[in-house]
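The structure under discussion appears below in the form of structure tokens.
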């Protein structure tokens, strides 16, 4: 089907068709080239004025197939080259105008919708594409969409390789379910902590821990006292051993002296007897 730009270019050239083209000849050529069917040709022939015929032709061919416009241009070049050139020029102007409109729309979308989503609202984030080529806005749009995707994946803690071929809403729903499960588990833990049974159990456990700590402290103290008593006993034993050693030494000296005295006693008796003999 003829596209919108081709239909607009035909409409822009309508006065040239009305004023300069022979309706009957043109209709016949269109029929010969397969642009118009026999029934369409007969219907147009029944129109009275040339202007009416040409208006009917333009309306009919505007719903033709995708090759219809180029066929009309080729036919017009044979007898009406100036009109054919204008048709091509108008078609080019329509497409350029549309490209400009699309580019302006893309710039508006980028500055007013996409940039605030990616970077936040602020004029400092707006970009000027006036000095850039039309396709630059398309490239920037693609870049911003990619940045937005990467930011979303980073927030969701999902690697790009894991998100391949998966829609962003699906990933968000998956993350929501994971967080809901975490919240559910936390609520269960809170309820268990708040329950009297759990509270009493925790209190008993805490008391048991306190009693155990007290017992450990007492045992450590008793052990330290025993160590101290052992140390004192060891000192006493050492002192007594030293005393015994001294006594043994003294005893040995006394024994030696006794032995010496025993050796000296017979000689004493002899000396006494000698004294009495004189």
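The combined condition, being modelled with pLDDT of 75 or more and either touching a helix residue (DSSP H, G or I) at 6+ places or on another chain (Cβ under 7 Å) or in the same structural domain as residue 150 (by TED's automatic domain parsing) (or both), is fulfilled by residue 162.
Among the residues of segment 78-136, write down those that are modelled with pLDDT of 75 or more, within 41 Å of the chain's Cα centre (by Cα) and in a loop (DSSP other than H, G, I, E, B). The one that is modelled with pLDDT of 75 or more, within 41 Å of the chain's Cα centre (by Cα) and in a loop (DSSP other than H, G, I, E, B): 120.
Restricting segment 56-100 to residues that are closer than 21 Å to residue 19 by Cα and out of contact with any helix residue (DSSP H, G or I) (no Cβ under 9 Å at 6 or more places or on another chain), the residue that is surrounded by the most Cβ atoms within 10 Å (Cβ to Cβ) is 59.
Within segment 148-157, is even one residue under 30 Å from residue 106 (Cβ atoms) and not in a helix (DSSP H, G or I)? Yes - at least one qualifying residue is present in segment 148-157. Here residue 48 meets the list (1) part of a loop (DSSP other than H, G, I, E, B); (2) closer than 21 Å to residue 2 by Cα almost entirely, failing just condition (2).
The values are calculated or read from the model by the stated rules, or taken from the named source; none is laboratory data. Just so it is clear, the model here is predicted, and its values are computed rather than measured. Backbone-built Cβ (ideal geometry, glycine too); neighbour counts: all protein chains shown.
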